[in-house]
Amino acid sequence: MPKPTILCIDAQQNVLDLLYASLSTSGYTVHTTHLGLDVINTTADLVILDIHLPDIDGLELIRTLRSISTVPILVLTESTDEIDAVLAFEYGADDFVTKPFSMRELTSRVRAILRRCGNGNPDDKIKVGPILIDSENYEAFRNGEKMILTLKEYELLKALASSPGRVLSRDFLLDRIWGHEYFGETRTVDVHIRHIRQKLGDDAAMIETVRGVGYKLTATA
């Protein structure tokens, strides 16, 4: 089953970077742009767009898009944009999230929208070499044997397995697993990675350290 495709539109590059990294890690195919007009004729399964865009009014864009497409729309608004959020619904948006937002909340809303629209979620099982992640049951297996992991260890391993061969920075992993409001040291990631490696035994080398950046998971040690 192909991965659902999400088009993200926002004027802020840091927001686009966060959406791309987090949603890609969650198993979606993600495209990003600053320009609202790029959404016209999109074939994406979901559009995430900010109300404030450089080339077109976000509300007008929703109305235009809804007149030509049934693609679901998730709107990003500021906390002061309550009236705009109401208008977005009236113009045809499916849901909205207020900035600053939690990626965990946004991802949950994305899954709910896609499920309602019949596009479902990415595959519940992720396999990288001898590692199998069962997302539905929050379990991980190595060579068919269940691994005894804490929740944070499981979420870290899943994040790495969702993007095999791709380097995930410590800051990204902190934000992804511990959330925006976590103010502890990035060393927390290193400690959890060490515990995961211990539990991987002979396959510990599958998790590679990229000095000064973060970690990546490869299919072969």
Which one is nearest to Ile56 (Cα to Cα), of the residues in segment 3-14 that are in contact (Cβ under 8 Å) with a residue 12 or more places away in the chain and surrounded by fewer than 19 Cβ atoms within 10 Å (Cβ to Cβ)? Ala11
Tally time: how many residues in segment 75-101 are assigned to a helix (DSSP H, G or I) and under 13 Å from Ile48 (Cα atoms)? 1
Out of segment 134-148, which residues are surrounded by 16 or more Cβ atoms within 10 Å (Cβ to Cβ) and modelled with pLDDT of 90 or more? Ala140, Arg142, Met147
Starting from residues that are in contact with a helix residue (DSSP H, G or I) (Cβ under 8 Å, 6 or more places away or on another chain) and part of a strand (DSSP E or B), keep the ones in segment 210-220 and report whichever is farthest from Ala161 (Cα to Cα). Gly214
Of these, Tyr91, Tyr20, Tyr28, which one is within 20 Å of Ser163 (Cβ to Cβ), of a type in the set (Phe, Trp, Tyr) and surrounded by fewer than 21 Cβ atoms within 10 Å (Cβ to Cβ)? Tyr20
Can you tell which of Arg104, Arg176, Arg115 is at pLDDT below 85, in a helix (DSSP H, G or I) and crowded, with 18+ Cβ neighbours inside 10 Å? Arg176
Name the one entry in Asp45, Asp17 that is acidic (Asp, Glu), within 30 Å of Ile126 (Cα to Cα) and in contact (Cβ under 8 Å) with a residue 60 or more places away in the chain. Asp45
Is it true that some residue in segment 24-32 is more than 16 Å from the chain's Cα centre (by Cα) and assigned to a helix (DSSP H, G or I)? no
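The values are calculated or read from the model by the stated rules, or taken from the named source; none is laboratory data. Source: prediction; values computed, not measured. Cβ coordinates were reconstructed from backbone atoms using ideal geometry, including for glycine residues, and neighbour counts include every protein chain displayed.
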